[in-house]
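Since the structure comes first, as structure tokens, the remarks are kept for the end.
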Amino acid sequence: MTDSTATADRDDLRGGPLLAAISNEMVGIYRRHYGRGPTRARTVMVEDVVLCRMLDPFTTSERTLIQRNRLDEVKQMRHAFQEAMQLEFVEVIERLVGRRVEVFISDVHVNPDMLIEMFILQDGDLPQEDPSQAVDPEGEPPAAQR
């Protein structure tokens, strides 16, 4: 993930660049929290559905557990992570797409090894921030409005 992707504004991204930014940020979440991210990712968006598929997501220790028939434990840990990180995943989509996420569904699959993050969007855009309505930390309107 590049700095430009991390600070991308939803007005700057459309089509392929938007989908690439989503993929990069999803992989980045895993990289930051697992020490490695999936090796490949692809995001598609159709109407109100955003689907991010990430390949080769498992760490070395997870692959060892899977090889020793401990897949249930790996899935349980991954689901706990995805539940704990739901707000971060949702924030990425809402910030980049500009629409609220109504439903977040996440799962892992083995053979082929992949993660799926799916977001169902609500109708309508998120409201743009209006600088004239900004309030400073003290609760005062900006000086220009006083």
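P(r) for segment 76-128, from all Cα pairs and a bin width of 5 Å, is 4, 19, 27, 21, 14, 9, 4, 1, 0 %, short bins first.
Taking one quarter of the surface of the convex hull spanned by the alpha-carbon atoms of segment 3-122 gives a direction-averaged projected area of 7.1 nm². Summary of packing: across the peptides 36-45, 59-68, the per-residue average of other C-beta atoms within 10 Å ranks them, highest first, as 36-45, 59-68.
All of the numbers you see were taken from the coordinates with simple rules; none came from a lab. These figures come from a predicted structure and were not determined experimentally. FYI the Cβ positions are ideal-geometry reconstructions off the backbone, even for glycines, and counts take in every protein chain you see.
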